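Contents: one structure, followed by commentary.
Nothing in this text is a laboratory measurement; each read-out follows from the coordinates by a stated rule. No experiment lies behind these values; they were computed from the predicted model shown. Here Cβ is always computed from backbone atoms with ideal geometry, including for glycine, and neighbour counts include all displayed protein chains.
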Amino acid sequence: MPDLRRTRKNLKTAIAIMAGVDLLAAIVYFSPLVGSPETRRQELNTLQTELITKTRQVAPLKDLPQKVVLAGHQITDFYKKRFPSQQSQIPTQLGKLCAANGVVLDQEKYKVHDAEIGGLQPVEIEADFAGSYTSLAKFINALERDEMFFIIDGVTLGGQQQGPVKLSMKLETYLKAGS
């Protein structure tokens, strides 16, 4: 038969230990060292906000090596497609755009500069065009959207009472160096 005195003593000891742990937990919970529940909630919210902010800051760095490789391919494609390798391609492309938009190329001047750091030679173009206002507007739009890279530096619009509208433009494009 089990010894009830010993079991009772063990139970009293276990209850005393649990009461002590409960008392210790209550002291820690209400202690000013740990802070009030509201303070802990505020601190938790602050830390969660900080975590979200830091996560957003490093999000662009995710998959960075793959992005660098992709950017390298995109730069190579951009150089191949957008920059001519021969100077004769520039007036040819301008002529195509003029013809497609009903604009007449009156005069053009080209000035090729020395190659810059990126392996490109800047080419300044001064050109005079003539046509209707609508066709000149379409021409400028087509020039900006063209596959060959053109930068419009300046536009001067002039005309007469009757006849075509005159347009003087300063453009810039680039040649692949060594071409």
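Of note:
- Magnitude of the charge dipole, the range 84-176, Cβ model with Lys/Arg +1 and Asp/Glu -1, debye to 20: 260
- Helix 64-82 vs. the chain, principal-axis angle (Cα, 0 to 90°, nearest 10): 10
- Only Cα pairs under 8 Å and 6+ residues apart enter the sum, and on that basis the relative contact order of the chain stands at 19 percent.
- Across the options L51, P65, L97, the greatest Cα extent toward the positive end of the charge dipole of the chain (unit charges at beta carbon of Lys, Arg, Asp, Glu) belongs to L51.
- Exposure proxy ranking, count of Cβ atoms within 10 Å, fewest first, for S135, S31: S31, S135
- Relative to the longest principal axis of the Cα atoms of the chain, the long axis of helix 4-30 lies at roughly 40 degrees.
- Counting only alpha carbon atoms, the long axis of helix 37-58 and the longest principal axis of the chain meet at about 30°.
- Dipole magnitude of the chain about its Cα centre (Cβ charges: Lys, Arg +1; Asp, Glu -1), debye to nearest 20: 1580
- P(r) weight above 27 Å for the chain, C-alpha pairs, percent: 62
- Between L120 and A177, the built amide H atoms are under 5 Å apart, and every one of these is 5 or more places off in sequence or on another chain.
- Ranked F149, F30, criterion: other C-beta atoms within 10 Å, fewest first: F30, F149
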